[in-house]
1. Which Rg and Dmax, in Å, describe the Cα atoms of the stretch A:57-143?
2. Starting at the first residue of the stretch A:167-182, write each ³J(HN,Hα) from the Karplus equation 6.51 cos²θ - 1.76 cosθ + 1.60 with θ = phi - 60°, in whole Hz, x for Gly and Pro.
3. Among the aspartates and glutamates, select those whose C-alpha is under 20 Å from the C-alpha of A:Lys151, and discard any that sit fewer than 8 residues away in the same chain.
4. Would you mind classifying chain B by shape? Square roots of the alpha carbon gyration tensor eigenvalues, ordered a ≥ b ≥ c; an a/c under 1.5 is rounded, otherwise it is prolate if a/b is larger than b/c and oblate if not.
5. Need one word for the stretch A:44-100: rounded, prolate or oblate. Basis is the Cα gyration tensor (sqrt eigenvalues a ≥ b ≥ c); a/c below 1.5 gives rounded, then a/b vs b/c decides.
6. First check a/c for the stretch B:38-92, with a ≥ b ≥ c the square roots of the eigenvalues of its C-alpha gyration tensor; if it is under 1.5, answer rounded, and if not, answer prolate when a/b is larger than b/c or oblate otherwise.
7. Among the GluC sites (Glu not before Pro) within the stretch A:55-109, which fall in a DSSP loop and have no more than 16 other Cβ atoms within 10 Å of their own Cβ?
8. What number in nm² do you get for the protein assembly as shown if you take the convex hull of its Cα atoms and divide its surface by four?
Amino acid sequence: MKLSQPVLVCLVGLLVVLSHPLGAAPPASPTAGLPPGFGDPISDWQARWELAKVLSYTKAYDESIKEYRRLLADRPQLLEAKAELAAVLLWSGQATEARALAETLPPHLVDGSLRLALVDLHIARQEFDAAATLLQAHLASDSGDLAARLKLAEVLSWTKRYDASIAEFRRILEARPEDVQVRRRLANVLIWADRKTEAAEELRKSLQGR
Amino acid sequence: MNLKRLVLFLVVVAVLTSLVYQNVKSGWVTYRHGETLFLQGDLKGALPLFEAAEAAGIPSRELLLRLTEVRLFLGQVEAARQAMAQAFHERWFRPFTAEALVELFLRFRQGESALLVLAEAVAQHPDSAVLRLLYARLLSRLGRFAEAAREFRLLLGEPAS
């Protein structure tokens, strides 16, 4: 019997289909029974970032730093992770490295506590301009932080930017008019700025009620 | 002939639409009524309406979240927990809804109850990375950092030291 070409093609096709495992039941999915979405994969970097954070919470700083470094080797563009690493470095006592890393970051990404710690480092090294810049960035996001504002007022006075310093002292006193110590510091700066009448007035106010 | 077919088709469509509308309508109206009471602060009044809407089979993320919020507010933690566990069997349930539920449990300081549900789900589906991530995050939020770290390491396929 001689088969025509179309019939032969059909038979070969049928054989191919029958021999293919498509006919068999697919293997059970490990997330079978769960709604869609729960079987999706998770990016490693996402899990590593969260692991690094959690390790820092348990004060496992060395491990946390290791995970942050692995994360940043894979995803160097994660500036927030870099800022967190700087904080962990600071907590683990590696202040110089923390500072070097923080300086590579946009100011708004540096965490408030880290920023203030870095300010102290700058002040200790008499890098007052850098300290003032960090403090101004901090106050832009947390204008109610009077301790930071006081530090800024002092730093500005040390760099002889008296008008700016006095303005910061006055803002603090608007919020805390009864703070005698701040008023006396303001009086000092007024004296340095050669505004002795105003200084005397502030000193007088600081003695009222005593 | 064609006109007869068209009329028959329209009649069938009308009957089917009417049946579907009746079924859907009752559940949605109840849900909306519950929502009105909820927004007026009458949580006790809203609860049975939300429950009736749920029983009517309304597949709504908003309904589940509202029902959970009301139950947690009224101290019906076990009912809220069971509803969350049941949600993992619903085809419309999604990870972001699970995350929103967890937030509700945390807000009412019942995170441990949500953790029980997630722990059970993870035990049943150990290969679901999304579930394990939710579980690990909740452990972290509950301050159980060492356990959370273990879960994150498992997600990374690393030894859970």
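Laboratory data are not the source of any read-out in this text; all were calculated from the coordinates shown. These figures come from a predicted structure and were not determined experimentally. When we count neighbours, we look across all protein chains shown, and the Cβ atoms used for this are built from the backbone with ideal geometry, even at glycine.
1. Both quantities, over Cα of the stretch A:57-143: 12.9, 36 Å.
2. 4, 5, 4, 5, 5, 5, 5, 5, 7, 9, x, 8, 6, 5, 5, 5
3. A:Lys151 reaches A:Glu103, A:Asp111, A:Asp120, A:Glu127, A:Asp129, A:Asp142, A:Asp163, A:Glu168, A:Glu174, A:Glu178, A:Asp179, A:Glu202.
4. Verdict is oblate for chain B.
5. Judged from the Cα gyration tensor, the stretch A:44-100 comes out oblate (a/c at least 1.5, b/c at or above a/b).
6. oblate
7. Working: sites: A:Glu63, A:Glu67, A:Glu80, A:Glu84, A:Glu97, A:Glu103; in loops: A:Glu103.
Passing sites in the stretch A:55-109 are A:Glu103.
8. 37.4 nm²
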